[in-house]
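Q: I am attaching a structure below and will ask some questions about it afterwards.
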């Protein structure tokens, strides 16, 4: 699994960095960590638009979005 | 609440936002300026006497309301998070530059859309600049531009701007501080303050839930051919178009538009600067206020940049002038920025390229690593 730590990054970096990893590793599970709800929604929608399974978990104030 | 994260929710939010905008337009805000983040921050700067341009001084309740609305909904939905530390002085500069660009064009991107919906072709032409500016910002994002992370800070720190604006507003409204208030010009045109405040609080809350941002709509189109964030903008445009046609406020022209000018090169360059800076800063002026309400001290610093930029623009003659037809006693005014404003804007655009180039991260800011897949179920 490839983990993308995008906590604290400005919009749209979490989305962009996730997209880059998804493009580079199309067959890997990618997990992005973000620290605000807007980034969570942006990354989640990216996964859904690519017709992947998307799972979102909250740990503390951070969100773990796993895209399979 | 999750409804607003979906496409249908974004469209509905845009329509609601459009209706609230029309309410403020009807209730007395300046023509084709029902809400303008840049103009209204400029008016607040004037009311606090940070500048002395008499036609544009009024403590706009909309500015306080939007920040407070975002703050309240963030607290209510446990999304409030006090953060700071992502290149604050660069963000101050970006806010400053967004304001300079907006005041040359005579509007922020929201006012651009409101003017477009009134048939103001100067705004349609300015849109070219905004699209190109967001595209330039997107180019640098793809190259690895980043202002770095923001980190959690003490909980109270993220509420400072909200509290300060609220206190200042109470002092202003009660007359305990002698704020300036225009007697003529756009600063004298305003909806009743209670209505403006309440409408703006709702707008702030809605904008926080929907992540409404005029830069992101165009930026995401450049980056990923994703037009989702243009949906609420389209909703606002449609409602305002209907409102303008219904009230006889729709006039398709470049000449004769209220609080506008037809110096098209400067309309384009002004919004180019706004679009470019907004993408680098992670949001348009309205979005910065919303993020500040949510608890970001970096966005609050960007807001201060906008405020100080407005003061500089009017103190040193950098703001564009509105075009005006000739009267019996005065000649026609072409409007637009004077030479000082033109030079200031060009310098600002150069500075944007420097900021963009200097902050390209050779090693991408995000940490990417292989970890064991703990989400895989056992065979």
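The values are calculated or read from the model by the stated rules, or taken from the named source; none is laboratory data. Since we're looking at a predicted model, the values are computed, not measured. Virtual Cβ from ideal backbone geometry, glycine too; neighbours counted across all protein chains shown.
Q: Given the criteria touching a helix residue (DSSP H, G or I) at 6+ places or on another chain (Cβ under 8 Å) and surrounded by fewer than 24 Cβ atoms within 10 Å (Cβ to Cβ), does residue B:104 qualify?
A: It is false that residue B:104 is touching a helix residue (DSSP H, G or I) at 6+ places or on another chain (Cβ under 8 Å) and surrounded by fewer than 24 Cβ atoms within 10 Å (Cβ to Cβ).
Q: Select the helices (runs of 4 or more DSSP H) contained entirely in segment B:76-162, then report the ones holding at least 3 residues which are modelled with pLDDT of 95 or more and closer than 30 Å to residue A:33 by Cα.
A: Hits in segment B:76-162: B:88-105, B:121-142.
Q: Has segment B:166-175 got at least one residue that is in contact with a helix residue (DSSP H, G or I) (Cβ under 9 Å, 6 or more places away or on another chain), within 14 Å of chain A (Cβ to nearest Cβ) and surrounded by fewer than 17 Cβ atoms within 10 Å (Cβ to Cβ)?
A: So far as segment B:166-175 goes, no, none of its residues is in contact with a helix residue (DSSP H, G or I) (Cβ under 9 Å, 6 or more places away or on another chain), within 14 Å of chain A (Cβ to nearest Cβ) and surrounded by fewer than 17 Cβ atoms within 10 Å (Cβ to Cβ).
Q: Do we find a residue being crowded, with 20+ Cβ neighbours inside 10 Å and farther than 21 Å from residue B:3 by Cα anywhere in segment A:41-60?
A: no
Q: May I pose another question? Restricting attention to segment B:54-74, does a residue exist that is under 27 Å from residue B:315 (Cα atoms), within 14 Å of another protein chain (Cβ to nearest Cβ) and either assigned to a helix (DSSP H, G or I) or at pLDDT below 95 (or both)? Spell out how you get there, then give the answer.
A: So in segment B:54-74, the residues under 27 Å from residue B:315 (Cα atoms) come out as B:54-67.
Now narrow it down to the ones that are within 14 Å of another protein chain (Cβ to nearest Cβ): none.
No.
Q: If I filter segment A:1-50 down to residues being part of a loop (DSSP other than H, G, I, E, B) and under 17 Å from residue B:372 (Cβ atoms), which single residue comes out as farthest from the other protein chains (Cβ to nearest Cβ)?
A: Step one: of segment A:1-50, the residues part of a loop (DSSP other than H, G, I, E, B) are A:1, A:6-12, A:25-29, A:35-36, A:50.
Next cut, under 17 Å from residue B:372 (Cβ atoms) only: A:1, A:25, A:27-29.
Working: A:1: 4, A:25: 9, A:27: 12, A:28: 9, A:29: 5 Å.
Checking each candidate, the answer is A:27.
This table checks each residue for (1) surrounded by 23 or more Cβ atoms within 10 Å (Cβ to Cβ); (2) more than 14 Å from chain A (Cβ to nearest Cβ).
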| residue | (1), (2) |
| --- | --- |
| B:189 | no, yes |
| B:210 | yes, no |
| B:215 | yes, no |
| B:244 | no, yes |
| B:250 | no, yes |
| B:265 | no, yes |
| B:271 | yes, yes |
| B:285 | yes, yes |
| B:294 | yes, no |
